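Quick note: the coordinates plus some simple rules give every number you see, no bench work behind them. The structure displayed is predicted, hence computed values, not measured ones. Using ideal geometry, Cβ is built from the backbone for each residue, glycine included, and neighbour counts are taken over all protein chains shown.
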Amino acid sequence: MIPGMRQVLFLTRKRRGRGGMQQYTQDLWVSLQLLYGSDAKLLGPRTRSGFLLFPILAVLQSIFVARKGGIIHIGDMGLSPLARLIRWLVPNARITATAFGLDVVYPKSWYQWLLRHSAPALDRIACISNATAVALQERGVPATHLVVIPCGIKAEEKSSLQPSASVKNGPHLLSIGRLIPRKGIVWFLTAVLPTLLEEYPALTYTVVGTGKMERLIKKLVHNKGLDTAVFLKENLSDAERNQLLLTSDVLVVPNIPIQGDMEGFGIVCIEATSRGLPVIASRIEGLQDAILEGQTGLFFRPEDPEDCLRAVHVLLRHPFGRASVIRTTYEHYDWDMLIQRYHHELFSTL
């Protein structure tokens, strides 16, 4: 804990639910508490009804903290209009934020207008990837106001992450995430998997997640006769999900470009590599910051079946050592290190 630190008020709308932003929010809050102790304060709605009062409470609490010289940290760019209002009420307020991806590129014109007029009220913005930083610069935010701090792995998870071996008839590929267009699962099932099954007849592929593409994926699997090779899982417990990460051979992240959407980072990549599971992923957007090529995984060109097949072949024929993958992941994505960057590169600069 850092003694004498000014109070940090963390405003977030992502206390509830599951997803990359929610996980990042939870991890950041735990790390802030460990670093700043009682000087760290959290404000965010716990229930749907709480969203109605949240903006009012956020502004009032921010005024109180700002006038005492504290720092207001806004949990995502969707809340950036609060920064503009707080700045108007307390001109010398110290305000920072975290930017993810979709909270920057969300395509509605009214949202983009609000973002462009609110972002200048922020002193510093922590971007979870270089792609997010570029998206903000394209919207007029100076590079000097930005710092790239990636998603991380919580330190308390280290002791429980052990490689695990399992008896399999053939290679086992895994994908985890919301079943939405940008995740590229439909593309992988149609453009890549049939060729892989010709070369590895015993190969299996598990897809974990739910979303609007789920019905199409199930229909595709059935119509192509992939029922014995492809398994769809939803609502897995953390233990079941972790077991899949420990017993699979490769995590596949086959994202495709979608206008008005983006992958801010790809936290599932470091969740996998922290358990020793290497990743193949599209060389696209924030995924490029989530994998250390040649050490924790390999990239392939987006929507290029041959290049994707090449990456799968390399990892199946020449697998990375799990212990090395785990060690490298923690060297770059440990929250103990990342929260120090928040302190030195974000809060201490104000």
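Quick notes
- Cα-projected label distance for Gln61 with His313, points at 7 Å along beta-carbon direction, nm: 5.5
- Relative contact order of the chain, defined on C-alpha pairs under 8 angstrom at six or more residues apart (%): 16
- Under 5 Å between amide hydrogens, built in the peptide plane, is the criterion, and for Phe10 it picks out Lys41, Leu42, Leu43, His73 among residues at least 5 positions away or on other chains.
- Each 5 Å bin from zero up to the one holding the largest Cα-Cα distance in the stretch 157-332 carries the following percent of pairs: 1, 8, 19, 22, 23, 16, 7, 2, 0.
- Anisotropy class of the stretch 1-120 from Cα gyration tensor, a/c 1.5 cut: oblate
- FRET efficiency estimate (nearest 0.05) - Cβ-Cβ, Arg341 to Arg48, R0 25 angstrom: 0.15
- Per-residue Cβ neighbour rank within 10 angstrom, fewest leading, His172, His344: His344, His172
- Comparing mean-square fluctuations of Ser129, Ser237, Ser38 from a GNM of the chain with C-alpha springs under 10 Å, the top value falls on Ser237.
- Separation of alpha-carbon centers, the stretch 277-299 and the stretch 86-130, rounded to whole Å: 28
- Exposure proxy ranking, count of Cβ atoms within 10 Å, fewest first, for Ile258, Ile74: Ile258, Ile74
- Stretch gain in nm, segment Glu199-Ile180, where the contour uses 0.36 nm per residue and the Cα spacing is subtracted: 4.0 nm
- Viscosity 1.002 mPa s, temperature 20 °C, Stokes-Einstein D of the stretch 216-285 from Kirkwood C-alpha radius, µm²/s: 152
- Among Thr204, Thr12, the order by Cβ neighbours within 10 angstrom, fewest to most, reads Thr204, Thr12.
- Computed as a quarter of the hull surface, the mean projected area of the alpha carbon convex hull for the chain stands at 17.7 nm².
- Amide H contacts for Val250 (H built 1.01 Å from N in the peptide plane; partners 5 or more residues away or on another chain; cut-off under 5 Å): His172, Leu174.
- For the pair Gln22 and Ser324 in one chain, pulling the backbone fully straight at 0.36 nm per residue adds 105.9 nm over the alpha carbon distance.
- Amide H within-cut-off set for Gly276, under 5 Å, with H built and near neighbours excluded: Ile326
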